[in-house]
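Reading through the C-alpha cells given below for one structure.
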Amino acid sequence: MPRRRSERAAAARRGLDPAVIWYGGSRAGRLVAALLAPLGWLYCGLATLRAMAYARGWLASVDVGVPVVVVGNLSVGGTGKTPLVRWLATHLRARGLHPGIAARGHGAPASTAAGAGADGVRFVPTDADPALFGDEPALLAADTHTPVAVGRDRVAVARALAGRGCDVIITDDGLQHYRLRRRCEILVIDGSRGHGNGRCLPAGPLREPVRRAARADLVIATGGGQPGLPALALRPSAAVSLADPRRTRALADFAGERVTAVAGIGHPARFFRMLEAQGLRVDARAYPDHHRFRVADVAGWGGAPVLMTEKDAVKCRRLRPPPQTRWPELWAVPVAAVPASAFVDALERLLAERGVMAGVPAHGRVGAGGRP
C-alpha cells in the first residue's frame, strides 16, 4: 500500500510539471491546464492589448538607425533559436554585412555588473564566463566571430552594437520586445511539440496567442514535422573534448557503448533523440534550461563518456575536478543549423524587400509603431 501511495504522489507531481501540463496528454495535465485557463486568458489578453498599443502608436517603438532582424518564438523554452541566430550571422557576413547580436543574457548579473556601460550594456568577449554574460551569448560570442552584447534594455543593446559599426542587428529572442523597432521577424517553432496545448501562460507555453504567428514574416520549424512550414535541420558533427578542444571523436565511434547524455536546454529530449539516431545508447540526464552546472553534478555522472550540448559545454568547460574525485570524460556535440532551401530563398527576398541588404533602398511594412 505505501508503494501505491508513493506512485500516486509521483504521478501527481508529474501532473504539476509544466512540460506535462503544456505538452503532455495526461488526464492530470489537462485538468491542471483547464483550471489555469482563466489566468491564460488574462495573460493572452494583456499581451494582445500591449501589441495593439505599439501597432497603433499609443506606445512608441524606437528605431536604432540600422535594420533589426528578430529571431524569436511564441513559446517559452527552447525551439532552436540560437542555432538559427548563429547561422543567420554567418549568412549575413557572407553577404557583405557586419551583423551584431543583441541578447538579454539569461541569468547574467544586473546592468550594474562590472564592465557595463552607463546604459547597462556589456559586450561579450570570446572567452566569456557564462555566469557573467549568460550561456547563449557566451556561446555565440565564441563561435560566430560577430559582436555580441547583452543588457536588459534591448534598445540600448542594439544602439551600442550600431555604435560599434554593425549595420544589421540580430536579436536572439525578443519577439515580444516591441519597443525595439524591427524590419523583419523570424518565428521559430519546435517541430515536434508545436504550440503545445495552444494556451497562454501559465496554462500553456505561449507568450502570445497562436494567431500571432500569422504576423511574422517567416516561420520555420526546428526538426520539421509541421506541415506547410520549412524545416530547420540540426546536424551534429564530431564530438569535441572539453579537456583538449584539439581532440575530436566521431559520434559513430561511440555507437555500441553506453554514454551519458547531458542537456540543460529548453527541450532536452531533442538532444537525446539526436544521439540515439546516431546509434548511441544513451543514459539521459535532463536539467532545467540555463542550469548552472557544478562540480557535484559532473562527479555524479559516473565513469562513462559524457556528451553534452554546446550550450552546456560553455558552462562545464571551466569546472575542474577536486582531488580524489572521479571525473568522466566530457565531450561537446556541435550542431549546425541547416535551414531548408525554401526558407533561405524567402529570407533573401525578404531582406532585399526590407532594405536590409547593402545598397537596397529601405522600404516595407515599418510603421511608426514598429511591426507587432
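Here the condition is being modelled with pLDDT of 95 or more, touching a Gly at 6+ places or on another chain (Cβ under 7 Å) and surrounded by fewer than 15 Cβ atoms within 10 Å (Cβ to Cβ); of 57, 40, it holds for 57 alone. Only one of the numbered conditions (1) surrounded by 16 or more Cβ atoms within 10 Å (Cβ to Cβ); (2) without any contact (Cβ under 8 Å) to a residue 40 or more places away in the chain; (3) closer than 28 Å to residue 144 by Cα is violated by residue 163, and that is (1). Per the listing 253, 244, the residue uniquely farther than 25 Å from residue 339 by Cβ, of a type in the set (Asp, Glu), over 24 Å from the mean Cα position of the chain (by Cα) and not in a loop (DSSP other than H, G, I, E, B) is 253. Here residue 226 does not qualify as without any contact (Cβ under 8 Å) to a residue 60 or more places away in the chain and open to solvent by 60 Å² or more (accessible area, probe 1.4 Å). In this structure, is residue 292 over 24 Å from residue 254 (Cα atoms) and under 18 Å from the mean Cα position of the chain (by Cα)? Criteria met by residue 292.
Cβ-Cβ contacts under 6 Å between residues 6 or more apart (or on different chains), taken from a first residue in the stretch 86-103 that is open to solvent by 10 Å² or more (accessible area, probe 1.4 Å) to a second residue that is assigned to a helix (DSSP H, G or I), are listed as 86/144.
Filtered by the rule that a residue be modelled with pLDDT of 95 or more and hydroxyl-bearing (Ser, Thr, Tyr), the stretch 315-348 gives a lone residue, 341.
Listed by position, the strands (runs of 3 or more DSSP E) contained in the stretch 95-209 that have at least 1 residues being of a type in the set (D, E, K, R) and at pLDDT 95 or above are 184-190. Within the stretch 287-323, the set of residues being part of a loop (DSSP other than H, G, I, E, B) and hydroxyl-bearing (Ser, Thr, Tyr) comprises 287 only. Across the stretch 166-211, the number of residues qualifying as farther than 18 Å from residue 148 by Cα, among the charged types (D, E, K, R) and surrounded by fewer than 20 Cβ atoms within 10 Å (Cβ to Cβ) comes to 3. Inside the stretch 286-304, can you point out the residues that are open to solvent by 20 Å² or more (accessible area, probe 1.4 Å) and closer than 23 Å to residue 244 by Cα? Once the filter is applied, which keeps residues that are open to solvent by 20 Å² or more (accessible area, probe 1.4 Å) and closer than 23 Å to residue 244 by Cα, the stretch 286-304 yields 292, 294, 295, 296, 297, 299, 300, 302, 303, 304. Quick one: residue 214 ticks every box in (1) surrounded by fewer than 20 Cβ atoms within 10 Å (Cβ to Cβ); (2) within 15 Å of the chain's Cα centre (by Cα); (3) of a type in the set (A, V, I, L, M, F, W, C); (4) assigned to a helix (DSSP H, G or I) bar one, so which box is it? (2) is the only condition that residue 214 fails.
Somewhere in the stretch 260-271, is a residue at pLDDT below 95, surrounded by 15 or more Cβ atoms within 10 Å (Cβ to Cβ) and of a type in the set (Lys, Arg)? Scanning the stretch 260-271 turns up at least one residue that is at pLDDT below 95, surrounded by 15 or more Cβ atoms within 10 Å (Cβ to Cβ) and of a type in the set (Lys, Arg). State yes or no: is residue 262 assigned to a strand (DSSP E or B), closer than 20 Å to residue 130 by Cβ, of a type in the set (A, V, I, L, M, F, W, C) and under 20 Å from the mean Cα position of the chain (by Cα)? Yes; evaluated as a whole, the condition is true for this residue. The set of residues in the stretch 265-286 that are in contact (Cβ under 8 Å) with a residue 60 or more places away in the chain and either in a loop (DSSP other than H, G, I, E, B) or closer than 12 Å to residue 328 by Cβ (or both) comprises 265, 266, 267.
The values are calculated or read from the model by the stated rules, or taken from the named source; none is laboratory data. Since the structure is predicted, the reported quantities are computational estimates derived from the model, not experimental observations. In this analysis, Cβ positions are derived from the backbone assuming ideal geometry, glycine residues included, and neighbour counts consider all displayed protein chains. Surface areas here come from the heavy atoms of the whole protein model, side chains and all, with no ligands, DNA or RNA. Shrake-Rupley method; radii C 1.70, N 1.55, O 1.52, S 1.80 Å.
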